[in-house]
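Report on one structure; see the data block that follows.
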Amino acid sequence: MPGKIFVYVIHREGTADDTALELLAAAKKIDPEASVTALVAGSDKELENVVKQIAPSFNEVWKIDHESLSYIIAETLRPMLARIIPKGSILLIPHEHFSMDLSPGLSIKLEAAFIPDVVAFEDIKENKLTAIREEFSGQVSTHVMCDISQGVVISVRSGAFKPEATAAGKGQIVDKTSEALSGGIPNGKRRYLEVIEAETGEVDITKSDILVSVGRGIEDQDNMDIIYELAETMGGDISCSRPIVDARWLDKSRQVGTSGKTVKPKVYLALGISGSFQHLGGIKGSPFIIAINKNPKAPIFQIADVGIIADILEFVPELTGKIEEIKG
Amino acid sequence: MEILVCVKRVPDTAENEIIVNRDGTDIEREDLVFSVNEWDNYAVEEAIQIKDKVGGNVTVITVGNDDAEEVVRREMAMGADRGILLCDEAFEGSDGKGIASILKAEIVKGKYDLVLTGAQADDGAGQVGGMLAAMLDWPFASLVNKIEVIDDKKILVGREIAGGNQEINEIDLPCVLSIQTGINEPRYVGIRGIRKVASADIPVHGANDLELSPELVGPAGSLVKRLDFFVPEPGEGAKMLEGNTQEILDKLVEILKSKGGIK
């Protein structure tokens, strides 16, 4: 059987992230009998609150409590984790921006394997763990087999596992601070300065009921007019996926996704958007999703309610005309 | 400043539909359009902009076969000063750690202040930069969307975190950064630019040149192995509207009205 299984718990303002219980479920997929340990770092009261929340769900909670972790940067935490995580362990961590910073380097420091952005686990035989991940913007999946005899760091896509419902833990709290700090406070080649909050922009798309959202399929800035016209006819607001912001065709405040805004409209019209998991991660509140895309294999059709295979450059002006017609 | 940018030749997913071959061992590569990984292109542009401000050299490097040379040349046409191709049969089948080991071996032979990678490539892993930094014991930041040179010892780095917020850090050189798309607007490369570098010398370094022990790379050095490619069983998915355009429009407008999609 594999080594000890850890779940790294992300938290914000004293509240544990939903991924804590998702990753607990993921850990049970690897080994249903596993005694799973939560790993949480932070400082002072906020950390205490988080530990209290998660303790009932886990057998053990390992905490690192230090003022240098009041805002956690990976360069500070990584050496601490490398000191306390036993050889051969399995560490699960939510696949998002913090893991992008922390995990690849942590696997090197632990001399362990690394599997990024896992969406499912297939099986485990001896020291060979088989997992499923996606490549080519989600167009294709792969099975990867990993030798975990030296341990493994696995980043897990959020939303891929249903949270573990039962609270079956003993919740024993173990303070690992002094062990993590043995050898001194890691520092200081990367120093955190501040977080600059995103601007809201002229329209707050997080409050919109109808979103007309445009992606790479629009192809050229000159074509953006057809989107403006449709949005105006429908009485909706315009949002977009990442490539449109990268191209500077719309302001960052219009971007839907994990690195943009989280929206919760009633109706979401996805025009020429392929539907990467980062984009879908920004759509909450189960809106009615209509996807129009010329690629029948676009992942967006998997999650949309209604789909149309069409080139938006041709279809959107027709749709605008039709709506104008019925509105008189 | 001496800047190294690590790039990769990948199938262009915006241009191609990726299809798995019959026995699931690979994707169909015959008709694919290949280009430089989108993220890497932003990294090269950023390196050139830094060089234009503070001086120095930009070197573009890739691990790959002979075909990979074309992306190095393309990035040199953007304005990079040098290119290096790391190519050896022994490198084939390396996992992310193997690729990082190969790059490290080249980097320690040079004298670089800043190493840039794309935040991710076609496999969506986003791992090589972070591994490389850990192997070199250099500081690292991922998803970088802003770089300002403070002096020859340190830089100011913005990175993209949740909700479109930006985390600002000060980082000592040398360091490794992985670059997010949107950090700049990569310049256009025309035919003339490509012609100018057509005969530029791109040295090829193999395992021996890098004094790289074989057990670190290739299948032998890989803890993670891809077993197959497959297309997951589609779920129920969307209700697809079919028929001629008029019929589709009629149905769609009805749906929009009933769901509150028309004000």
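The values are calculated or read from the model by the stated rules, or taken from the named source; none is laboratory data. For clarity, every value in this text was computed on a predicted model and none was experimentally measured. Every residue, glycine among them, receives a Cβ derived from its backbone with ideal geometry; neighbour counts consider all protein chains shown.
Cβ-Cβ contacts under 6 Å between residues 6 or more apart (or on different chains), taken from a first residue in the range B:216-235 that is without any contact (Cβ under 8 Å) to a residue 12 or more places away in the chain to a second residue that is of a type outside the set (Asp, Glu) and surrounded by 13 or more Cβ atoms within 10 Å (Cβ to Cβ), are listed as B:ARG226/A:THR142; B:ARG226/A:VAL144; B:LEU227/A:HIS143; B:LEU227/A:MET145; B:PRO232/A:SER141; B:GLY235/A:GLN302. Tell me, please, whether a residue that is among the aromatic types (Phe, Trp, Tyr) and out of contact with any strand residue (DSSP E or B) (no Cβ under 8 Å at 6 or more places or on another chain) can be found in the range A:88-103. Within the range A:88-103, one or more residues are among the aromatic types (Phe, Trp, Tyr) and out of contact with any strand residue (DSSP E or B) (no Cβ under 8 Å at 6 or more places or on another chain). Residues that are within 16 Å of A:PHE114 (Cβ to Cβ) and more than 7 Å from chain A (Cβ to nearest Cβ) within the range B:130-141 comprise just one, B:LEU132.
Annotation note: of A:VAL153, A:VAL245, A:VAL212, the sole residue that is within 11 Å of chain B (Cβ to nearest Cβ), buried (at least 17 other Cβ atoms within 10 Å of the Cβ) and either in contact with a His (Cβ under 9 Å, 6 or more places away or on another chain) or outside any strand (DSSP E or B) (or both) is A:VAL245.
Annotation for the range B:157-176: no member residue is more than 14 Å from chain A (Cβ to nearest Cβ), in contact (Cβ under 8 Å) with a residue 12 or more places away in the chain and not acidic (Asp, Glu).
Meeting the requirement of 1 or more residues that are farther than 26 Å from B:ASP172 by Cβ, the strands (runs of 3 or more DSSP E) wholly within the range B:56-151 are B:57-63, B:82-86.
Within the range A:27-35, is even one residue in a strand (DSSP E or B), under 18 Å from the mean Cα position of the chain (by Cα) and buried (at least 18 other Cβ atoms within 10 Å of the Cβ)? Taking every residue of the range A:27-35 in turn, none turns out to be in a strand (DSSP E or B), under 18 Å from the mean Cα position of the chain (by Cα) and buried (at least 18 other Cβ atoms within 10 Å of the Cβ). Restricting A:SER253, A:SER274 to those that are facing chain B (nearest Cβ under 9 Å) and either touching a Leu at 6+ places or on another chain (Cβ under 8 Å) or in contact (Cβ under 8 Å) with a residue 60 or more places away in the chain (or both) reduces the list to A:SER274.
For the range B:214-247, a residue qualifies if it is assigned to a helix (DSSP H, G or I) and either among the β-branched types (Val, Ile, Thr) or within 10 Å of chain A (Cβ to nearest Cβ) (or both), and the qualifying residues are B:THR245, B:GLN246.
Per this entry, A:VAL203 is not counted among residues that are buried (at least 22 other Cβ atoms within 10 Å of the Cβ), β-branched (Val, Ile, Thr) and more than 24 Å from A:VAL140 (Cα to Cα). Select from the range B:206-249 the residues that are among the hydroxyl-bearing types (Ser, Thr, Tyr) and either surrounded by 14 or more Cβ atoms within 10 Å (Cβ to Cβ) or closer than 30 Å to A:ILE292 by Cα (or both) and list them in ascending order. If the condition is that a residue be among the hydroxyl-bearing types (Ser, Thr, Tyr) and either surrounded by 14 or more Cβ atoms within 10 Å (Cβ to Cβ) or closer than 30 Å to A:ILE292 by Cα (or both), then B:SER222, B:THR245 are the ones that fit.
Could you check the range A:248-270 and list, in sequence order, the residues that are touching a helix residue (DSSP H, G or I) at 6+ places or on another chain (Cβ under 6 Å), surrounded by fewer than 22 Cβ atoms within 10 Å (Cβ to Cβ) and at positive phi? Listed by number, the list is empty, since nothing qualifies.
Which residues, counting only those in the range A:103-128, are out of contact with any His (no Cβ under 9 Å at 6 or more places or on another chain), in contact (Cβ under 8 Å) with a residue 12 or more places away in the chain and surrounded by fewer than 23 Cβ atoms within 10 Å (Cβ to Cβ)?
Within the range A:103-128, A:LYS109, A:GLU111, A:VAL119, A:ALA120, A:PHE121, A:ILE124, A:ASN127, A:LYS128 meet the criteria.
No other residue among A:GLU126, A:GLU164 is of a type in the set (D, E, K, R) and touching a Leu at 6+ places or on another chain (Cβ under 7 Å) apart from A:GLU164. Can you spot a residue in the range A:312-322 that is in the same structural domain as A:ILE210 (by TED's automatic domain parsing), outside any helix (DSSP H, G or I) and among the small types (Gly, Ala, Ser)? Within the range A:312-322, not a single residue is in the same structural domain as A:ILE210 (by TED's automatic domain parsing), outside any helix (DSSP H, G or I) and among the small types (Gly, Ala, Ser).
Note on the range A:165-190: residues that are in contact with a strand residue (DSSP E or B) (Cβ under 9 Å, 6 or more places away or on another chain) and more than 11 Å from every other protein chain (Cβ to nearest Cβ) total 12. Between A:PHE98, A:PHE121, the distinction of being over 24 Å from A:TYR192 (Cβ atoms) and either in the same structural domain as A:GLY151 (by TED's automatic domain parsing) or β-branched (Val, Ile, Thr) (or both) belongs to A:PHE121 only.
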